[in-house]
Amino acid sequence: MKSFIIYLSKIENSRFFAKKLLQDLRSVNIEANLFEGTYGLEAIEIFEKENRKVCDLLYKGRPISGSEKPGHKGCFYSHYRLWQKCLELNEPIMIFEDDVKLYRGYEEIEFQDVLMISVCTEWKISKPFLSLLEDSDEPAKALPYDGECMIGTSGYIIKPHAAKKLLDTYHNSYSNVDHCMNQNVIKIEIHNKLMGRSLTELEGKKSLTK
């Protein structure tokens, strides 16, 4: 399975963590590719050219508006481009953001559309899933996920038909990428043996979307 790490080569912090993740993945026999993400100012120009508008989405039954911050736009478009890559390759791909702390390799399992293999550690909603990073003798499997959207987008596997659903849905719009990846568009499941989690600011990571 092809794997990609989204990073921004012009930002020292991003280069550092991406190279570290690249080495960590190699240690578990995953040959990932560094994928140059879209910078916020670039995304602004692209969105204007494509006449791409922010879309409102539902979260916990309430409408939420997408962020107008350049970094959030760049983050969305970086993932959007990899959804295009997935469809072009016509095979599942593994996508990581640069700030993942790796705990283990990937145990292959069956899933429907999108499988979370890493979670954001800053959100309260992710707390119940952090136990999945602990050692377990349980067989590897995809767990049902009842959240409306992704717990961040630090690491996931996506299949081509799911990528097409997302591309079709957001062909002329955008929002925060984790909100875009929601159960109204794709079926989300979570690996019971998560590969990793995102770093916290206390661990030296500074969000590139701010």
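The values are calculated or read from the model by the stated rules, or taken from the named source; none is laboratory data. In this text the structure is predicted, and so the values were computed from the model without any measurement. Every residue, glycine as well, gets a Cβ built from its backbone with ideal geometry; the counts of neighbours run over all protein chains shown.
Report whether or not E122 is of a type outside the set (S, T, N, Q), surrounded by 13 or more Cβ atoms within 10 Å (Cβ to Cβ) and farther than 29 Å from L87 by Cβ. Yes. Could you count how many residues in the stretch 117-170 are in contact with a strand residue (DSSP E or B) (Cβ under 8 Å, 6 or more places away or on another chain) and polar (S, T, N, Q)? Looking only at that region, the number is 5. Within the stretch 50-88, the set of residues being of a type in the set (D, E) and modelled with pLDDT under 90 comprises D56, E68. Across the stretch 89-136, the number of residues qualifying as at pLDDT below 95, of a type in the set (F, W, Y) and under 22 Å from S27 (Cβ atoms) comes to 0.
Taken over the stretch 13-41, the criterion of being loosely packed, with under 15 Cβ neighbours inside 10 Å and assigned to a helix (DSSP H, G or I) is satisfied by F16, K19, Q23, R26, S27, L41.
Of everything in the stretch 92-114 that is charged (D, E, K, R) and either surrounded by fewer than 16 Cβ atoms within 10 Å (Cβ to Cβ) or touching an Asp or Glu at 6+ places or on another chain (Cβ under 6 Å) (or both), the residue that is nearest to R197 (Cα to Cα) is R104. Determine, yes or no, whether N51 is surrounded by fewer than 16 Cβ atoms within 10 Å (Cβ to Cβ) and at positive phi. Yes: the conditions hold for N51.
Candidates are the residues of the stretch 159-176 that are touching a Gly at 6+ places or on another chain (Cβ under 9 Å) and crowded, with 19+ Cβ neighbours inside 10 Å; the one that is farthest from E134 (Cα to Cα) is Y174.
Of all residues in the stretch 128-137, at least one satisfies being among the polar types (S, T, N, Q) and more than 17 Å from the chain's Cα centre (by Cα). Looking at the stretch 115-200, the strands (runs of 3 or more DSSP E) lying wholly inside it that each contain 2 or more residues that are touching a residue at least 24 places away in the same chain (Cβ under 8 Å) and farther than 25 Å from E91 by Cβ sit at 196-198.
Residues of the stretch 177-194 that are at pLDDT below 95 and surrounded by fewer than 17 Cβ atoms within 10 Å (Cβ to Cβ): Q183, N184.
Look at the stretch 1-12: where a residue is surrounded by fewer than 16 Cβ atoms within 10 Å (Cβ to Cβ) and a partner is of a type in the set (D, E) and not in a loop (DSSP other than H, G, I, E, B), sitting 6+ places away or on another chain with Cβ atoms under 8 Å, you get S9/E36.
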